[in-house]
Every structure is written in structure tokens, then in C-alpha cells.
Amino acid sequence: MLMPGFSPFWQLAWVTPDLERSMAQFKALYNVPSFFVMEPVFDAEFNGEKGSISIRMALANVDDYQIELIQPIGQGIVRIYTDALPADGSHANVFHHVCTRVWGTLDDWDAHLASLPPERPICYTGDAPEGIRFCYTDERASCGLYVEHIWYSDETWAGLKPLIPHFHSKS
């Protein structure tokens, strides 16, 4: 299933130096009461450099959108996240990327990647667990952000979905 541009948006993501503080801010300011927190470590490639990456991430679904907060841990290729943070080390929730989800089969994922034009170069990929594929395209020159593209197998999403809290902004 090919999608125009980077729509539909499925996720909005921020980078933070302090995940607990950011979750508290999103609770107090935006009424997102809780998150599912993960601490993945995986091999990745960023602009041709390969290495291990470690992050803490928090997910919550609000209406039809997923909120993601990412705290980078350590050095190296994690700079895809750390470079966005204030150089003075102060706290900030920095809007980092939007994410579009590729629905369907792994063949649909492959077709989606093949459909990306050269103006939307893939700059970041990670060795995700079985049933997940993701990459980022560097679109900062055209829209100011990275764009994440993600695919889940039906089985993987069925196991992950119940773990992520879902909230509605209207009763």
C-alpha cells in the first residue's frame, strides 16, 4: 500500500534529556496520564555509521495519534536524538519527528521503501525485533523534521497494542 507524502501521520515524537520529567509535563500540561515505557538497545545505522544505540522511550495513544517521548542514552549514533537537545544540557521537549505507519504485509513495507524518492533519503535504520521494521528519512531541509516510517506484523502489533495506554480527549 503506497502512501502519498508522509501521510497519514500516526505518531508525534519528542526528544528529551529526562524521560520522567517529560512524562510529568505531558501529564500536567496535556492530560496524558500514563505511558508505556521501554528501554530498547539495538544495532542501528545512522548516515552510514553503524553501532549500538540505547534509548528510553515512552508511548501513549491519544485519540488516533501516538505520543512518543525518547530519552537518548550514551554516545555514538544516538546523536540522531542528542543533537536535537539543547547544547547547554537544559531540559526541553524537542519536537523531533512524525511517524507514518505502513499497513499491510512485509511486501507493502518493501514497496513503500522503494517508492521513496531520492529527495527523501533514508538516514537511520535499526535492527528491530521480529515483526517490526522502521527507518527515518531526513526531511529537515523540506519540512524541518525527520519522518519515521514503521511497519508491524499483525501478530507483533496484537501483542504490543494492549501495553500502550489509550486515552480519548473527549468523553
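Brief remarks follow.
- Beta bridges assigned by DSSP with both partners in the chain are antiparallel in approximately 75 percent of cases.
- Extension reserve of the residue 28-residue 91 stretch, reckoned as 0.36 nm per residue once the Cα distance is removed: 21.1 nm
- Note on the chain: helix-only mean residue ellipticity at 222 nm, from DSSP H runs of 4+ residues weighted -39500 (n - 2.57) and normalised by residue number, equals -5500 deg cm²/dmol.
- Formal net charge of residues neighbouring residue 127 (Cβ-Cβ distance under 15 Å; K, R +1; D, E -1): -2
- FRET efficiency, residue 143 to residue 38 (Cβ-Cβ, R0 30 Å, nearest 0.05): 0.65
- Net dipole in debye of segment 62-164 [+1 Lys, Arg Cβ; -1 Asp, Glu Cβ; about Cα centre; nearest 20]: 260
- Those aspartates and glutamates that a straight Cα-Cα span of less than 18 Å connects to residue 161, excepting residues fewer than 8 apart in one chain: 39, 63, 64, 68, 130
- For segment 56-171: rounded, prolate or oblate by the Cα gyration tensor [a/c cutoff 1.5]: oblate
- Distance from the C-alpha centroid of segment 86-140 to that of segment 20-49: 16 Å, rounded to the whole angstrom.
- Our estimate of slack between residue 107 and residue 161, defined as 0.36 nm per intervening residue step minus the Cα-Cα distance, is 17.2 nm.
- Relative contact order %, the chain, counting alpha carbon pairs below 8 Å whose residues are six or more apart: 27
FYI, it's all coordinate maths here, none of it is from the lab. Note that the structure is predicted; figures quoted are calculated from it, not measured. Quick reminder, even Gly has a Cβ in these numbers, built from the backbone with ideal geometry, and neighbours come from all protein chains shown.
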